[in-house]
Each structure stands twice: as structure tokens, then as C-alpha cells.
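Novice: Here's a structure for you.
What follows is calculated from the coordinates using simple rules that are stated; it is not laboratory data. As the structure is a prediction and not an experimental result, all values here were calculated from the model. Don't worry about glycine lacking a Cβ; one is built from the backbone with ideal geometry, like all the others, and counts go over all protein chains shown.
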Amino acid sequence: MKLAAVAAVIAFLYALPAVASGQPYVLHIIALSCLYAIPAIGLNVMLGYTGLVSLGHMAFAGIGAYTAAVLMVDAKLSFWLALPIATITAGAAGFAVGSICLRFRTHYFMIVTLAFGLLLHQVMNNWDEVTRGAAGFPGIPRPAPLAIGDWSHSFGPLAGFYRLALTGLLAAFALQWAIVRSDFGKVLVAIRQDEKLAGFKGANTMLYKTTVFALGSAIAGFGGVLFVSFLRAASPDAFSLAESINMVLIVIIGGAGYLAGPLIGALVYIAVPEYLRAANELRLVLFGVLLVLITLFAPQGLAGLLQSGWKRVRR
Amino acid sequence: MIEVRGAAKRYGGVVALADCSMAIERPGIYGLIGPNGAGKTTLFDVITGATLPDAGRVRIEGRDVTGIAPHRLAALGVARSFQECRVFPQFTCLENLGFSLQMHRVGKTLRREQALRMLRLVNLESYADEPAASLSFGQRRLLEIVGTFIVQPRFLLLDEPASGVNPMLLETLTGFLRAMYQQRPGVFLIVEHNMQFIMELAQELIVMHQGAVLDRGAPEAIQASPRVIEAYLG
């Protein structure tokens, strides 16, 4: 029953380009939401499940994005090779930076991640020879078409890329689901509740936290590659402090520590401001008010609100 | 089995431990008593790796374990409870116990069964699927203590297990501790202020005063010791 419902939703999402063929703008917004939801999933594993509030998360998406850009444009590697290499690079960077940041806890940890985020953003902004600097990195290709036997899929058109973004999102979601269900995930949730106690129970908390920081960064990097391939260009400002804070906002608004949290958060964060365009200058003001209301009345985020609402209905 | 040699610890100007030495050679239930500020909890923290001593060594079964991380001590069979009572509040009772077992590499299928058996021993089985945060303080205390026993530790350090526990639960606790010791004797070291409780349970009392061990012996002997009486009243 539950499985059938999930399968139906996934089938619908893949069929969406056909359903909404006259609505390229809607499809664009949904594709963009998918691309924001991927790093949000990475952050949810860190922030929502382990309690690690990183203010430099998007810098790791940037590491993935720029690594792939250099590999594809300068080294002429294919997208399908650049994607895993860039993902692993972002994960390795996360491991290195994490093993420093995680020596600190709570707000000190946040400040140190913020500092690393700023530092990495400065590198993207100023290392002209490699990142093309503040002007951005143009000419990043969409993936080459995939052909298996008679079947082939092109990623150039919006509908084609949307399906890739959706597949990437589902992969990240499946990974998140597997982590949360596993014994590894149990330790993460224990660390969030009482890190000291988890240590006395026998968990090497530093190792777990570093691993999760690396994993979250790798997921961010994976999303970053898809993001710049979608836009066909990378800009340092897509990986700035403001974007990292937006990521934290997406996770908290959507519901930190809920599987669906990052998905809901990304959709709300990307789609709602677009639809508020009718209100023109007031759009961001209205959006701000909306965020305040959500934080006030749904402290567990929208996913938490939906869950408690569902429980009340079923009672 | 446990040996502390010349342990010293200062917190700013406060001397918590001063050249504290103590050895426990045999399995048994030991009470660690002393006035407030005598250094009992600090001694626990030093033994379990929660705090690095300024000086001195800790040995467990001849092995120098001074300053090694708590998770490594847990692997050596050291378990402890906390004065302030620590459980994972969002985990259910089953999940709390399951987590202790998971950390000692007990397989998923066995965890539930063993956890339920332990909960039954302290009359908490009807709360098995309730989050720990919804229990009363005394029940949380029982859950915490059961969680330390479930991994069959060889060295168990309980920090004021009886504080905040009502008389009826206290009886459950006493019975449970005795049953556990009979089932699997180890070194049980218990910090306690409830004298009646600890006198009844412990075979030997170790008295701390001003950061060092003042006296030790059978409960009756300690009760009559002039040094101990002076420390408590002076």
C-alpha cells in the first residue's frame, strides 16, 4: 500500500514533463527545487539528524561544482566521469574541514564552519586562473545524451534535464533513508540528543561526526555539479554565505530531522517567492513574514506540522 | 582490578582531588561516600575518562587507561551512570537499551528480546515504546541503570543512583542491583548519599574527604570510625 503510493508519486514525477508540456516555467521551477533539495538533504543528515548546524554547507556544493567545471571544460572529461570525481572531492574536502571544525561544539562550531565557508567562497571568487573568478565560469556543458541500445535520453532540453535532476534527488533521498534506518543513523540521532552519553555508551563520536560531515558535503557536491550543469555556468555567489544560510533555512522550514523536510523546504523556498511575483516589490517582504509565521507556528518545520496534523486526522 | 594512584585535579582554585589513591582488587559492591565536595564524582570522571587528571595514573586490570576516551573504556567493559541521570530523551525505552547493546555489537534481532527482558525486571515493560522523556524521574533513573547493566559491564560506576527515586522504586532498584550482582559479579562502585540504601547494599565502604580517600572498611566499622564521624560533622 505504502510502497504503491510511493511508486505512483515517483511515476507521476517522471511523467510530469508530459503532463505539464505547455508549462516550461513550472517545470523549470520544479527542476530548480530538485537541485536545491539535494544539498538540503546533505545538510539535513548533518543538522537534522546529528545536530550539526553548519553555516558553510554550500561551499562544499561549490567545491563539487567547480571541480566538475574544471574537469569538463579544461580537462574535457565527460559529465558522467566528472560527477563522481567531483562528488568524492567535495566529500574529501568535507572530511578535512570537518575534522577541524568538529573540534568545536555548538555556536563555536557554527562560527568555524562560517569562517571556512567564507574562505572557500573567497577562493572561488578570486582564483581567476581556475575558477574564472567573480565573473563566473561559463560554458559548462549539459551531460552528453545517454544511449543504451535503442533507448536514448538527451539532457539538453529542459524535460530531459528535469528527469536527471529528479533521479539525482531520488538517489540522495534513498541514501538519506538508508542512513536514517541504519545502525549508523541511530548513532547520529543519539549524538544529537546527548553526545557525551553516546560516547560513554561506546560511540567514537568524533569519527561519526566527521564521517557525517564528509557525507553531507559529498551530497552537497553532487547537487552542486547538477546545479551548474543545469545553469550551464557556475558563479561564486551561488555558493556564498547567504546561500549557506538559505540552506539552513530550507532545512528548518521544511522540517529538520524529517526525511521529507529538505524536499518540502526546497519546494517552498524556490516556488513560493516565484508565485509571489504578483506582489512585485512586496514579494520578499511577504516571504519573510511567511517564514516568521512558519517558525512561530511550526517549530518542527512543515514536515513536522504535516505529521502531527496527519496523526490528529487518524485519531 | 581498578587502581588509582596519586590522582590530582583542580578546577580553578577548587581542589577536587588531591593525591587520591585507591585500589579495588576483587569483585564486589563498593560504596563511595563522603561529604559534598569530597571529590567522588571527579574520581568517577577520572576513572571513566570524562576528565583528564592533572597528575596521577588510572589502571584497569593492570593496563594504564589514564585519559583514554570514554568510548574506548566502554569497550573495556566500563559503564557508568550520572548524578544528573542521562538517558536519550527522544529514544523510547527499547531504543535506549537497544542503543547500549548496539554499541556492544549485539545483533539487531537479539536487541529487542534482551531489552524487553531487562525492562520486565524493573517493571518498565509497559513503557517499552514510550519516549524516555515521558517517564517520571525515578523511572528514568531505573532506565539509565538498566542501560548500564544490559551490556554486562565488568566495571560499573553508579553516581547517586538512589537520589530522586521514591521509596517504592528504591526497593525495586535495590533488588535489581543485588540480582545483577549475583548473576554476574563485577566491580560495582556506587557513589551515594542515602546511607541506609548504601549500607544495606555495599560490602565495603570507601570514604572520601577533601579529595582523597580517608578510610575504608565494612559498613559497621565505617559507621563507628572516629575519623569518618569527624569528617562528616567537622
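Novice: Sorted by packing (mean other beta-carbon atoms within 10 Å per residue), highest first, where do B:218-226, B:69-77, A:146-154 land?
Specialist: With the highest mean Cβ count within 10 Å placed first, the list reads B:69-77, B:218-226, A:146-154.
Novice: Now a separate question. Other chains near B:142-149: what is the mean number of their Cβ atoms within 10 Å of each residue's Cβ?
Specialist: Mean number of neighbouring Cβ atoms from other chains: 1.
Novice: Over chain A, what is the mean sequence separation of C-alpha contacts under 8 Å (at least six apart), divided by residue count, expressed as relative contact order in percent?
Specialist: 32
Novice: In nm, what is the difference between 0.36 nm times the number of residues separating B:Glu200 and B:Arg105 and their Cα-Cα distance?
Specialist: Length gained, B:Glu200 through B:Arg105: 30.7 nm.
Novice: Pick from B:Met103, B:Met195, B:Met168: which residue has the top mean-square fluctuation in a GNM of chain B where Cα pairs under 10 Å get a spring?
Specialist: So, out of B:Met103, B:Met195, B:Met168, the one fluctuating most is B:Met168.
Novice: Okay, next question. Quick one: if you take sqrt(5λ) for each eigenvalue of the C-alpha gyration tensor of the range B:145-226, what semi-axes come out, biggest first, whole angstrom?
Specialist: Listed largest to smallest, the semi-axes of the range B:145-226 are 22, 15, 12 Å.
Novice: Answer rounded, prolate or oblate for chain A, using the Cα gyration tensor with square roots of eigenvalues a ≥ b ≥ c: rounded when a/c is under 1.5, else prolate when a/b is larger than b/c, else oblate.
Specialist: In terms of gyration-tensor shape, rounded.
Novice: Past the 23 angstrom mark, what percentage of all C-alpha to C-alpha distances in the range B:2-233 do you count?
Specialist: 48
Novice: Going by amide H atoms built from the backbone, whose H comes under 5 Å of the H on A:Phe137, apart from near neighbours?
Specialist: Distant-sequence amide H within range of A:Phe137: A:Ala234, A:Ser235.
Novice: Moving to a separate point now. Based on other C-beta atoms within 10 Å, arrange A:Phe137, A:Phe12, A:Phe222 from fewest to most.
Specialist: Going from least to most buried by this count: A:Phe12, A:Phe137, A:Phe222.
Novice: Take each complete run of DSSP H in chain A, measure how far its Cα atoms stretch along the helix's own axis, and keep only those covering 24 Å or more with mean Kyte-Doolittle hydropathy at least 1.6; list them.
Specialist: Answer set is A:2-19, A:24-43, A:79-101.
Novice: Tally Lys and Arg at +1 and Asp and Glu at -1 over the other residues with C-beta under 14 Å from the C-beta of B:Pro53: what net charge comes out?
Specialist: Spelling it out: positives minus negatives among the neighbours equals 0.
Novice: Based on a Kirkwood Rh over C-alpha pairs, give the Stokes-Einstein translational diffusion coefficient of the range A:117-192 at 10 °C and viscosity 1.306 mPa s in µm²/s.
Specialist: D, rounded to a whole number, is 97 µm²/s.
Novice: Take the alpha carbon atoms of the protein assembly as shown, find their radius of gyration, then divide it by 2.2 N^0.38 Å using N residues; give the quotient.
Specialist: It is 1.18.
Novice: Ok, one more. How much length is gained if the chain between A:Leu286 and A:Phe184 is pulled fully straight, taking 0.36 nm per residue apart and subtracting their Cα-Cα distance, in nm to one decimal?
Specialist: Additional length available on full extension: 32.7 nm.
Novice: Could you work out which residue, out of A:Leu282, A:Leu71, A:Leu83, moves most in a Gaussian network model of chain A, that is, has the largest mean-square fluctuation with Cα springs under 10 Å?
Specialist: Greatest mean-square fluctuation among the candidates belongs to A:Leu282.
Novice: Pick from A:Ile179, A:Ile41, A:Ile30: which is most flexible by mean-square fluctuation in a GNM of chain A where alpha carbon atoms under 10 Å apart are linked?
Specialist: Most flexible of the set in this elastic network: A:Ile179.
Novice: Follow-up. Take every Cα pair under 8 Å in the range B:1-116 that's 6+ residues apart, average their separations, divide by the length, and report that relative contact order as a whole percent.
Specialist: For the range B:1-116, the relative contact order is 22 percent.
Novice: Which net charge results when you count Lys and Arg as +1 and Asp and Glu as -1 among the other residues whose beta-carbon is under 13 Å from that of B:Ile29?
Specialist: My count for the surroundings of B:Ile29 gives 0.
Novice: While we're here: For each pair in B:Lys40/B:Lys108; A:Lys209/A:Lys311; A:Lys196/A:Lys311; A:Lys209/B:Lys40; A:Lys186/B:Lys9; A:Lys201/B:Lys108, compute the distance between the two Cα atoms and list the pairs where it is over 28 Å.
Specialist: Beyond 28 Å: B:Lys40/B:Lys108; A:Lys209/A:Lys311; A:Lys196/A:Lys311; A:Lys209/B:Lys40; A:Lys186/B:Lys9.
Novice: So how far, in whole Å, is the C-alpha centre of the range A:284-315 from the one of the range B:1-56?
Specialist: 50
Novice: For all pairs of alpha-carbon atoms in the range A:1-136, what percent lies in each bin of width 10 Å, listed from the first bin to the last filled one?
Specialist: Computed distribution, short to long bins: 11, 29, 31, 22, 7, 0.
Novice: Taking K and R as +1 and D and E as -1, what net charge do the other residues with C-beta under 12 Å from the C-beta of A:Leu52 add up to?
Specialist: Taking every Cβ under 12 Å from that of A:Leu52, the sum is +2.
Novice: Sorting B:Met22, A:Met72, A:Met46 on the 10 Å Cβ count, fewest up front, what's the list?
Specialist: So the residues, fewest neighbours to most, are B:Met22, A:Met72, A:Met46.
Novice: Hey, can you grab everything whose amide H is under 5 Å from the amide H of B:Met208? Only 5+ residues off in sequence or another chain; H modelled, so Pro and N-termini drop out.
Specialist: Hits under the 5 Å cutoff: B:Ile33, B:Gly34, B:Leu214.
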